[in-house]
């Protein structure tokens, strides 16, 4: 007899994931403020230290303006490359807290702005891994809704973001 999907949370070895969502960003620069909601995407992966602790790397960001092949001045975004930890306080649960920090890049294709501003940032958040064992018993995959707060700074520009989304985690 199989345990329910909520009871099966085997975490060991290498893991990975892909996330998508929307983030409310407030940017401050040059004595101006801008805020809006932007598309978020991220990739993460690493190694399981023990069933309660995962460590890894997250490459993620927000698309502020899509690039356009007919207009080379279009295109702007924020990229993060963070070392992260995910803590699962209850071994048999998918509940997790996430924290990380590292490199931030604000990039732009606009000719009136620097092409890239580099700095630092951090993220804090949490979520839950819902295992697909009842539907796909041979595939070790979880649906992972999440919410995070992120902050980043590059000189005279900084941002604060609240992001919600869903990911697929391959424990």
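Would you confirm, using the coordinates I've provided, whether residue 119 is crowded, with 16+ Cβ neighbours inside 10 Å and part of a strand (DSSP E or B)? Reasoning before the result, please.
Working: crowded, with 16+ Cβ neighbours inside 10 Å: no; part of a strand (DSSP E or B): yes.
Spelling it out, it is not the case that residue 119 is crowded, with 16+ Cβ neighbours inside 10 Å and part of a strand (DSSP E or B).
Screening residue 113 with (1) under 29 Å from residue 73 (Cα atoms); (2) assigned to a strand (DSSP E or B) gives one miss only, at (2).
The rows are residues; the columns are (1) part of a strand (DSSP E or B); (2) under 12 Å from the mean Cα position of the chain (by Cα); (3) more than 20 Å from residue 19 (Cβ to Cβ).
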| residue | (1), (2), (3) |
| --- | --- |
| 61 | yes, yes, no |
| 73 | no, no, yes |
| 77 | yes, no, no |
| 84 | yes, yes, no |
| 98 | yes, yes, no |
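Give me the residue from the range 1-35 that is closer than 21 Å to residue 84 by Cβ and in a loop (DSSP other than H, G, I, E, B) and, out of that set, modelled with the lowest pLDDT. Per the stated criteria, the residue is 9.
Just one of the numbered conditions (1) touching a helix residue (DSSP H, G or I) at 6+ places or on another chain (Cβ under 8 Å); (2) on the phi > 0 side of the Ramachandran plot is not true of residue 30: (1). On the given criteria, is residue 94 farther than 24 Å from residue 38 by Cα and touching a strand residue (DSSP E or B) at 6+ places or on another chain (Cβ under 9 Å)? Taking the combined requirement at face value, the residue satisfies it.
The values are calculated or read from the model by the stated rules, or taken from the named source; none is laboratory data. Because the structure is a prediction, the values reported are computed rather than measured. So basically every Cβ, Gly included, is an ideal-geometry build from the backbone, and we count neighbours across all protein chains shown.
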